[in-house]
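Written below as structure tokens is the structure these notes are about.
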Amino acid sequence: MKLCINCKHYVVDDSLPKTKYSRCGRIWRISPVDGEKSPLEQLPYCSVERLANGTQHCDQEGQFFEEATNV
């Protein structure tokens with residue numbers, strides 16, 4: 001089973017409860033001006049990505065899932 005918590009794109013929002021409101025960093029934008037990552041609030045919730053269908057969303061099958069590696 002492809003769980004978001006095991007995915008390399010999984011991002012914890014420390015201001016919210018850990019798993020229910022985690023974010024998906026798959027499409028994290030980098031500013032061309034200063035090279036900084038976009039604010040965490042602009043990332044979609046993992047739950048939304050998994051429920052949504054279409055080519056741009058992970059959907060229930062977890063099509064963009066990539067196993068996280070422990071570094």
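The values are calculated or read from the model by the stated rules, or taken from the named source; none is laboratory data. Since the model is a prediction, treat every value here as computed from it, not as a measurement. Here the Cβ is made from the backbone with ideal geometry for all residues, glycine too, and neighbour counts use every protein chain on show.
What about I27, is it at pLDDT 90 or above and of a type in the set (V, I, T)?
No; evaluated as a whole, the condition is false for this residue.
For the stretch 32-41, how many residues are loosely packed, with under 10 Cβ neighbours inside 10 Å, more than 12 Å from the chain's Cα centre (by Cα) and under 21 Å from Q56 (Cβ atoms)?
Residues that pass the stated criteria total 1.
Could you look through the stretch 4-31, keep only residues that are part of a loop (DSSP other than H, G, I, E, B), without any contact (Cβ under 8 Å) to a residue 12 or more places away in the chain and surrounded by fewer than 13 Cβ atoms within 10 Å (Cβ to Cβ), and pick out the one that is farthest from the chain's Cα centre (by Cα)?
This residue is S31.
Return the residues of the stretch 56-68 that are crowded, with 16+ Cβ neighbours inside 10 Å and among the hydrophobic types (A, V, I, L, M, F, W, C); say none if nothing qualifies.
C58, F64, F65
Limited to the stretch 42-55, what total is found for residues that are surrounded by 12 or more Cβ atoms within 10 Å (Cβ to Cβ) and over 15 Å from Y10 (Cβ atoms)?
Qualifying residue count for the region: 2.
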